[in-house]
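To start, the structure under review is shown below, and the notes come after it.
Read the figures in this text as sums done on the coordinates, not as results from a lab. Quick caveat: nothing in here was measured; it's all calculated off a predicted structure. Ideal geometry is used to build each Cβ from the backbone, glycine not excepted, and the neighbour counts take in all protein chains shown.
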Ligand code: 4AD
Ligand code: MG
């Protein structure tokens, strides 16, 4: 059995082929029926020509509707129709699964992405969500290939952890305690792990352990944040890619992130051309130019202080005021890359007060060796930094952040024993898929979005 993508690519004209998939449309014309079959392997459908001589023509073929699952055998022939090189003249059409047209929610017309979210179990069968799934897969594979070629090793960091990397208290608690047991004093001492545990907000701290034994490592997996952010770029469960490099400073960190993003864009532009055209035509005009430019042109560098000055000069009525010391909001980030740089922007040296404890304090004592990469349409795509490798400075920052130094003793040990300059970053994978597809809402680029109040399937 061959997948439709292969049939269309290889076009072994005259040979008998077999294809399976789900019916997109049926069109009758005299004694013929034209069936459009899609199996998810590519955007294009395979056209099947069903003639009235087929044994089940009247009894089944004429009753086929969108969503039915079929197995088709027939001869692959050149197609006289425009826009498709080949079609299959069917010898046999077997109906594997019917889909009642009265209740099947996907019809030929275009559905809104909001509606499709309500049918997470069927939306992968649409053009747009089908293409998103292929692009996600291609990007994921390209990530592993890139890091493999760069000599990184992949480390599987834990999903369940007792460390709150970002120190923002946004961890989901993992517990086996009943609501009654939760009420007592220090209930977690009797819990499964003997202490409070949660779902990871970042694999960075554990990745640092392996960077300080293997030099170049990365972790790529699901990440969880119980932040009540109902925006088009936040999920409660998202995928994050986190490389971590020993013997590396902020400059090396930024260079690696930019090289990697360019390599990923090059992969997806080369391998997913047909799917990208769909997004260019129906979702985001100018998308392919934007991706090509980001692949080919250097990113623009600004310090946080320069970015603030630029925003203050803008004469814009931002919803959030701009002042030195306040975090940049999505509207500011987008202004910087969409209006000022017209390219991805790397903002560095943020105020220490608005960044986590692990970032390396700059010599001015006010800022840290942080870098965020901002892109059009989204804002922050990457957050990274050089890590604080000096034991005393780190311990002081952790105390100031209210962390229990005993609990994080292992993290301090990494600075006690063979500490070296090191750096890393986190790339929000779903935001990358948003950037690559131009999709407006992050819920439409992940198979199963989890957001406040919503976790279907
Ligand atoms: O900037 P963040 O919080 O950085 C970290 O977690 C670091 N520990 C990473 C590191 O240095 N190893 O998150 C990194 C990226 C963001 O830039 C954003 O793209 C994405 O993760 N991200 C989210 N994506 C979707 N939904 C959310 N709620 C996200 N929060 C962060
Ligand atoms: Mg960040």
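When the Kirkwood hydrodynamic radius is evaluated over all pairs of different C-alpha atoms of the stretch 244-366, what value in angstrom, to one decimal, is obtained? Present the calculation step by step, with values, prior to reporting the outcome.
Values: mean 1/r = 0.0601 Å⁻¹.
With all distinct Cα pairs of the stretch 244-366 included, I get 16.6 Å.
Let me see the pair-distance distribution of the stretch 297-428: every alpha carbon pair, 10 Å bin width, integer percents in order.
Bin by bin from 0 Å, the calculated values are 13, 39, 29, 16, 4, 0.
What does the helix-only formula give at 222 nm for the chain: each DSSP H stretch with n ≥ 4 adding -39500 (n - 2.57), the total divided by the residues, and the result rounded to the nearest 500 deg cm²/dmol?
Numbers: 12 runs with 131 residues, N = 457.
Using -39500 (n - 2.57) per qualifying helix, the result is -8500 deg cm²/dmol.
What's the percent breakdown of Cα-Cα distances in the stretch 325-388 across 10 Å bins, shortest bin first?
25, 48, 25, 2
Over the stretch 395-455, what per residue volume does the convex hull of the Cα atoms give, in whole Å³? It would help to have the intermediate numbers written out before the result.
Details: hull volume 11.0 nm³, N = 61.
Taking the convex hull of the Cα positions in the stretch 395-455, it is 180 Å³ per residue.
Which value in Å does the Kirkwood hydrodynamic radius of the stretch 285-334 take, with 1/r averaged over all unlike C-alpha pairs and then inverted?
Values: mean 1/r = 0.0786 Å⁻¹.
With all distinct Cα pairs of the stretch 285-334 included, I get 12.7 Å.
Starting from the Kirkwood radius over alpha-carbon pairs of the stretch 65-138, derive D by Stokes-Einstein at 25 °C in a medium of 0.890 mPa s and give it in µm² s⁻¹. Write out the running numbers ahead of the final one.
On the way: Rh = 14.8 Å.
Using the Kirkwood radius from Cα pairs, D works out to 166 µm²/s.
Taking Rh as the Kirkwood radius computed over C-alpha pairs, what is the Stokes-Einstein D of the stretch 72-201 at 25 °C in a medium of viscosity 0.890 mPa s, expressed in µm² per second? Please list the in-between numbers first.
On the way: Rh = 21.3 Å.
Rounded to a whole number, D works out at 115 µm²/s.
Taking the chain as the reference, fit the longest principal axis to its C-alpha atoms, fit the long axis of helix 287-296 to the helix C-alpha atoms, and give the angle between the two in degrees, 0 to 90, nearest 10.
50 degrees
For the stretch 180-329, what does the equivalent ellipsoid look like in terms of its semi-axes, each the square root of 5 times an eigenvalue of the Cα gyration tensor, given largest first in whole Å?
Working: eigenvalues 243, 115, 89 Å².
Calculated on Cα positions only, the semi-axes equal 35, 24, 21 Å.
Tell me, rounded to the nearest percent, the portion of alpha carbon pairs in the stretch 127-236 spaced more than 19 Å apart.
Counting every Cα pair in the stretch 127-236, those more than 19 Å apart make up 62 percent.
Enter the angle in degrees (range 0 to 90, nearest 10) between the Cα long axis of helix 250-271 and the first principal axis of the Cα atoms of the chain, meaning the one along which they spread out most.
0 degrees
Could you tell me what fraction of 2.2 N^0.38 Å the Cα radius of gyration of the stretch 30-110 comes to, as a two-decimal ratio?
Numbers: Rg = 12.8 Å, N = 81, 2.2 N^0.38 = 11.7 Å.
That ratio works out to 1.09.
For the stretch 1-43, what does the alpha-carbon gyration tensor say about shape, rounded, prolate or oblate, given a ≥ b ≥ c as the root eigenvalues, a/c under 1.5 as rounded, and a/b over b/c as prolate? Write out the running numbers ahead of the final one.
Values: a/c = 2.47, a/b = 1.43, b/c = 1.73.
Verdict is oblate for the stretch 1-43.
Output the relative contact order of the chain, whole-number percent, from Cα pairs under 8 angstrom with separation of 6+ residues.
Numbers: 843 pairs, mean separation 60.3, N = 457.
Relative contact order comes out at 13 percent.
For 219, 2, which order do you get if you count the other beta carbons within 10 Å of each Cβ and list the fewest first?
Numbers: 219 24, 2 18.
Result, fewest neighbours first: 2, 219.
Could you tell me which of rounded, prolate or oblate describes the stretch 381-426, using a ≥ b ≥ c as the square roots of the eigenvalues of the alpha-carbon gyration tensor, with rounded for a/c under 1.5 and, failing that, prolate when a/b is larger than b/c and oblate otherwise?
Values: a/c = 2.06, a/b = 1.32, b/c = 1.56.
Here the stretch 381-426 falls in the oblate category.
Assuming a viscosity of 1.306 mPa s and a temperature of 10 °C, what translational diffusion coefficient in µm² per second does Stokes-Einstein assign to the stretch 108-167, Rh being the Kirkwood radius over Cα pairs?
Details: Rh = 15.0 Å.
Rounded to a whole number, D works out at 106 µm²/s.
Could you tell me the convex hull volume per residue, in Å³, taken over the Cα atoms of the chain?
Values: hull volume 84.0 nm³, N = 457.
Taking the convex hull of the Cα positions in the chain, it is 184 Å³ per residue.
State the volume of the convex hull built on the alpha-carbon positions of the stretch 214-275, expressed per residue in Å³ and rounded to an integer. Present the calculation step by step, with values, prior to reporting the outcome.
Working: hull volume 8.7 nm³, N = 62.
Taking the convex hull of the Cα positions in the stretch 214-275, it is 140 Å³ per residue.
Going by C-beta contacts inside 10 Å, put 239, 324 in order with the fewest on the left. Mind showing how you got there, number by number?
On the way: 239 19, 324 11.
By the 10 Å Cβ count, ascending, the order reads 324, 239.
Roughly what % antiparallel, to the nearest 5, for the DSSP beta bridges in the stretch 266-383? List each step's numbers first, then the result.
Numbers: 10 of 14 bridges.
Looking only at bridges with both residues in the stretch 266-383, the antiparallel portion is about 70 percent.
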